[in-house]
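One structure below.
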Amino acid sequence: MKFADIAGNSAVKHKLAATVDGGRVSHAWLFEGADGNGALALAVAYGQYLCCPNKANGDSCGTCPSCVKYQKLIHPDLHFVYPVVSSPKFSKPVSDDYIKEWRTFLAETNYHDIDEWLNRLSSDNKQAGIFAQESQNIIKKLNYKSFEAEYKVMVIWMPEKMNPSASNKLLKMIEEPPAKTVFILVSNHAESVLKTIQSRTQLVKIPKIDAQSMFEALKATYNFADDKTKEIVRLADGNFLRAKEVADSQADTVSEYFNLFADMMRHSYTMNVSELLDWADSVTKLGRERQKIFIDYALRLIRENFILTILPEKRESLVYLTDKEAAFAEKFHKFIHQKNINHITNEFNLAHKHIERNGYEKLIFLDLALKTAQLLAVKPQ
Ligand SMILES: [Zn+2]
């Protein structure tokens, strides 16, 4: 990842880039940052910058072969160490046992925390750590000559979770590092890292994401009004993961889809073509990604309404509707029944496929609404 892909912290990015530009690359860094502020992504971005032959304006190019491999997290000179858990499959686990999960975890977002990582590794509360057997692995990797880049980069996430024997071996390596090797330790609490390791690393404090950068990052991801976005920025307190959690839970997006769904069904039922044209215009404005989400949302509501029709006595246990959706379903569900459910579902799935294939959106949705109108008119018996 490029520095530019990570929200905020421009002063830290400048400082880090300057160490490369000025030939002052420390062989061992200790990045300290709170959850969800991008510290781990910054470590990878630093390695990418270090190895990019086309760096310019304080950032890597993002397109050269080295950057491409870095971005896919498969560069042969980029190594990772992180907490893992034992399992029936891995009784003496090392980081590489979970490399696939790790790449997914890193690629999905630039903001990370240990809870989310551990949730993915195991459903119970197994003790996670960087265990003694990891040090053999580290030694082996660092004894290789670098394959492609000038520098080997080893990112160690959560060094505070390292067991004492692994820590001591790491310390030895940091004291006498192989040539052209850069360790980047990324920690929540630098104070919890072995003192002797602390004293041999260069500490970089990574502050929380500032309000303005958080605002811009949210604006790029969500479609909230400025006021709402500012409210989320306040709640997030510099942690992008928290911001995302709050934003995802906001009802606004869902109620926007609900309104579109309700309008579509009302105008279809009355066969009001001019209203349906306006409706198709508003759906077009969502953009393709959100149109697909709307279709998924509509499919869920249609399915729930169908269940209400065929199994009214099971409504409590089967149907998951918000109050607004339930009030609408009260009158609407009887229009969705065994005679039309499959046809309606097929039409929505077809529209989804056409959106994916870059069909003309307004026409796709107008067509969908008109077909739905015909299908809603089908009698149940
Ligand atoms: Zn590059």
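Nothing in this text is a laboratory measurement; each read-out follows from the coordinates by a stated rule. The structure displayed is predicted, hence computed values, not measured ones. So basically every Cβ, Gly included, is an ideal-geometry build from the backbone, and we count neighbours across all protein chains shown.
Could you give the dipole magnitude of the chain about its Cα centre, charging the beta-carbon of Lys and Arg +1 and that of Asp and Glu -1, in debye to the nearest 20?
Values: 49 positive and 47 negative charges, 208 e Å.
Charge dipole of the chain: 1000 debye, to the nearest 20.
Treat the count of other C-beta atoms within 10 Å as a stand-in for reagent exposure and order E134, E216 from fewest to most. If you can, show how the numbers build up before the last one.
Working: E134 26, E216 15.
The fewest-first ordering by Cβ neighbours comes to E216, E134.
If the cut-off is 27 Å between C-alpha atoms, which lysines fall inside it for K331, apart from same-chain ones fewer than 8 positions away?
Within the straight-line limit of under 27 Å, K331 reaches these lysines: K292, K314, K339, K371, K379.
Take the alpha carbon atoms of the range 356-381, find their center, do the same for the range 98-166, and report the distance between the two centers in whole angstrom.
Using only Cα atoms to place each centre, the spacing works out to 50 Å.
How big is the equivalent ellipsoid of the range 209-306 along its three axes, where each semi-axis is √(5λ) from the Cα gyration tensor, reported in whole Å from largest to smallest?
Values: eigenvalues 205, 41, 20 Å².
Semi-axes from the Cα gyration tensor: 32, 14, 10 Å.
What distance in nm lies between label points placed 7 Å from Cα along the C-beta direction at I114 and Q133?
2.1 nm
Can you give the helix-only mean residue ellipticity at 222 nm for the chain, where every DSSP H stretch with n ≥ 4 adds -39500 (n - 2.57) and the sum goes over all residues, rounded to the nearest 500 deg cm²/dmol?
Counting only the DSSP helices, I get -17000 deg cm²/dmol.
Of all DSSP beta bridges located in the chain, what percent are antiparallel, nearest 5? The partial results should precede the final answer.
Details: 2 of 23 bridges.
If we restrict to bridges inside the chain, about 10 percent are antiparallel.
Could you give the nm distance between label points at V25 and L277, where each point is 7 Å from its Cα heading toward the beta carbon?
According to this spin-label approximation, the distance is 6.3 nm.
Report the label-to-label distance for A225 and E256 in nanometres (one decimal), using points 7 Å from each Cα along the Cα→Cβ vector.
Label-label distance for A225 and E256, simple model: 1.3 nm.
Measuring from a point 7 Å past the Cα of C64 along Cα-to-C-beta, which residues in the range 144-158 have an amide N at less than 18 Å?
146-153
Please compute the Kirkwood hydrodynamic radius over the range 3-207, one decimal place, Å, based on all pairs of different Cα atoms.
Working: mean 1/r = 0.0585 Å⁻¹.
Here the Kirkwood hydrodynamic radius works out to 17.1 Å.
Calculate the FRET efficiency for R234 and R288 from the Cβ-Cβ distance with a Förster distance of 30 Å, rounded to the nearest 0.05. Don't skip to the end; give the middle numbers.
Numbers: r = 32 Å, r/R0 = 1.05.
That pair, R234 with R288, gives E of 0.45.
Using a Förster distance of 35 Å, how high is the FRET efficiency between I74 and V246, based on the Cβ-Cβ distance and rounded to 0.05?
Numbers: r = 33 Å, r/R0 = 0.95.
E(calc), rounded to 0.05, equals 0.55.
Would you mind checking the radius of gyration and Dmax of the chain based on alpha-carbon positions, in Å?
26.4, 82
Under the 0.36 nm per residue contour assumption, what length would be gained going from the current alpha-carbon distance of N168 and L311 to full extension? It would help to have the intermediate numbers written out before the result.
Numbers: separation 143, 0.36 × 143 = 51.48 nm, distance 6.42 nm.
Result for the pair: 45.1 nm of gain on full extension.
Which number do you get for Rg(Cα) / (2.2 N^0.38 Å) in the range 252-376? Each step should come with its number before you reach the end.
Numbers: Rg = 13.9 Å, N = 125, 2.2 N^0.38 = 13.8 Å.
Its radius of gyration relative to the 2.2 N^0.38 Å reference: 1.01.
Which order, highest average first, do 364-370, 65-71, 162-168 follow once you tally other Cβ atoms within 10 Å for each residue and take the mean per peptide? Don't skip to the end; give the middle numbers.
Values: 364-370: 21.6, 65-71: 19.1, 162-168: 17.0.
For the peptides 364-370, 65-71, 162-168, the packing ranking is 364-370, 65-71, 162-168.
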